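A.B. asks: The structure's right below; bear with me while I get my questions together.
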Amino acid sequence: NAGVMQNPRHLVRRRGQEARLRCSPMKGHSHVYWYRQLPEEGLKFMVYLQKENIIDESGMPKERFSAEFPKEGPSILRIQQVVRGDSAAYFCASSPSVGNSAAFFGQGTRLTVV
Amino acid sequence: EDKVVQSPLSLVVHEGDTVTLNCSYEVTNFRSLLWYKQEKKAPTFLFMLTSSGIEKKSGRLSSILDKKELSSILNITATQTGDSAIYLCAVENSGGSNYKLTFGKGTLLTVNP
């Protein structure tokens, strides 16, 4: 039973490029949470998705960031026109049901914008 | 806005020492408090606490929640170098249909041989 799988583990992008981060939840999990961890900071909630629905995106920056969790395939966090301040570790967590966000975290994607 | 404050921010001890990490919180619609261990990769779940005064224990680690004081402590006895990590505290908000976690900045624990 594989855990939460994130890829890539490391991603380097030049300023202005797009970054796509993927998260495959644990088998049987239909709830996905994305968190961002900036250097010297704790994890910050970004978005909570269920299959084909965005439930809470209150932690997402208003521009350039979007997330989806399609019926088939992984959840995608997309950052357009990346800037240096987007450099961070992005973690995905999944849970089997609502109200159980104790959750299992993926290994994270470390995004570096140069 | 929900808030979690951890102290100390960093701590250096020798193997065999006992440490206590603190977490205080302000949250609307509290559901649970969670502790995680992070070693340069995914946060690993340690404990979930929902009831005040009941200690959760796993080997040398234990944790207890005080809902009156809005706080929790994580104790590690007989520390080992493998305990070196960032320990994260988070609270779960059950407002509406969203169960997102609010994390503290973590306590960086370094255990020297």
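A.B. asks: Could I have the simple spin-label model distance between A:Gln81 and B:Glu69, label points 7 Å from Cα toward Cβ, reported in nm to one decimal?
C.D. replies: 5.0
A.B. asks: Ignoring ligands, DNA and RNA, what accessible area per residue does the protein assembly as shown give at 1.4 Å, in Å²?
C.D. replies: With all protein chains present, the protein assembly as shown gives 49 Å² per residue.
A.B. asks: Enter the buried accessible area of the B/A pair, total of both sides, probe 1.4 Å, in Å² rounded to the nearest 100.
C.D. replies: Approximately 1700 Å² gets buried when B meets A.
A.B. asks: Let me ask something else about it. What three numbers, in Å, describe the spread of the alpha carbons of the protein assembly as shown along their principal axes, ordered from the longest?
C.D. replies: Between the extreme Cα coordinates on each principal axis of the protein assembly as shown lie 48, 38, 36 Å.
A.B. asks: Sticking with this structure for a sec: In square angstrom, rounded to the nearest 10, how much accessible surface does A:His31 have for a 1.4 Å probe?
C.D. replies: Approximately 10 Å² for this residue.
A.B. asks: Taking 30 Å² as the minimum loss, tell me which residues in segment B:78-94 lose that much accessible area going from the chain by itself to the full protein complex (1.4 Å probe).
C.D. replies: SASA drop of 30 Å² or more in segment B:78-94: no residue qualifies.
A.B. asks: List the lysines whose Cα sits under 27 Å from the Cα of B:Lys40, skipping any in the same chain fewer than 8 residues away.
C.D. replies: Of all the lysines, those that pass the test against B:Lys40 - Cα under 27 Å, at least 8 places apart if same chain - are A:Lys27, A:Lys44, B:Lys3, B:Lys56, B:Lys57, B:Lys100, B:Lys105.
A.B. asks: What is the magnitude of the charge dipole of segment A:1-55 about its Cα centre, with +1 placed on the Cβ of each Lys and Arg, -1 on the Cβ of each Asp and Glu, and no other charges, expressed in debye to the nearest 20?
C.D. replies: With only Lys, Arg, Asp and Glu charged at Cβ, the dipole is about 240 debye.
A.B. asks: Something else now. Segment A:1-75 to segment B:8-63: how many Å between their Cα centroids?
C.D. replies: 25
A.B. asks: Let me ask something else about it. Could you name every residue in segment A:42-80 that has 10 Å² or more less accessible surface in the full protein assembly than in its own chain alone (probe 1.4 Å, ligands and nucleic acids excluded)?
C.D. replies: Residues of segment A:42-80 that lose at least 10 Å² of accessible area once the other chains are added: A:Gly42, A:Leu43, A:Phe45, A:Tyr48, A:Ile55, A:Asp56, A:Ser58.
A.B. asks: For segment A:1-85, which whole-number percentage of the solvent-accessible area (1.4 Å probe, protein heavy atoms only) is attributable to carbon and sulfur atoms?
C.D. replies: 44
A.B. asks: Let me ask something additional. How high is the FRET efficiency from B:Ser7 to A:Lys62, r the C-beta distance, R0 30 Å, rounded to 0.05? Walk me through the numbers before you get to the answer.
C.D. replies: Numbers: r = 33 Å, r/R0 = 1.09.
Rounded to the nearest 0.05, the efficiency is 0.35.
A.B. asks: Can you work out the base-10 log of I(q)/I(0) for chain B at q = 0.10, 0.14 1/Å, using the Debye formula on its C-alpha atoms alone?
C.D. replies: One equal scatterer on each Cα of chain B leads to -0.27, -0.52.
A.B. asks: Assigning unit charges at the beta carbon (Lys, Arg +1; Asp, Glu -1) and nothing else, what dipole magnitude in debye, to the nearest 20, does chain B show about its Cα centre?
C.D. replies: 260
A.B. asks: Still on this structure: What is the Cα radius of gyration of chain A over 2.2 N^0.38 Å, N being its residue count?
C.D. replies: 0.99
A.B. asks: Separate question: Grab the other residues whose beta carbon is less than 12 angstrom from that of A:Glu72, score K and R as +1, D and E as -1, and report the net. Don't skip to the answer; put the middle values down first.
C.D. replies: Numbers: positive: A:Lys51, A:Lys71; negative: A:Glu52, A:Glu68.
Once positives and negatives cancel, what remains is 0.
A.B. asks: Can you give the charge dipole size of the protein assembly as shown about its Cα centre, rounded to the nearest 20 debye, using +1 on the beta carbon of Lys and Arg and -1 on the beta carbon of Asp and Glu?
C.D. replies: That gives a dipole near 720 debye.
A.B. asks: In segment B:29-98, carbon and sulfur make up what percent of the accessible area (probe 1.4 Å)?
C.D. replies: Summing carbon and sulfur atoms, their accessible area is 49 percent of the total for segment B:29-98.
A.B. asks: Next question, about the same structure. In the neighborhood of B:Lys41, defined by Cβ-to-Cβ distances under 14 Å, what is the net charge if each Lys or Arg adds +1 and each Asp or Glu adds -1?
C.D. replies: +3
The values are calculated or read from the model by the stated rules, or taken from the named source; none is laboratory data. In this text, all values refer to a predicted model and were calculated from it rather than measured experimentally. Every residue, glycine among them, receives a Cβ derived from its backbone with ideal geometry; neighbour counts consider all protein chains shown. These accessible areas exclude ligands, DNA and RNA; they are computed on the full protein's heavy atoms, side chains included. Shrake-Rupley method; radii C 1.70, N 1.55, O 1.52, S 1.80 Å.
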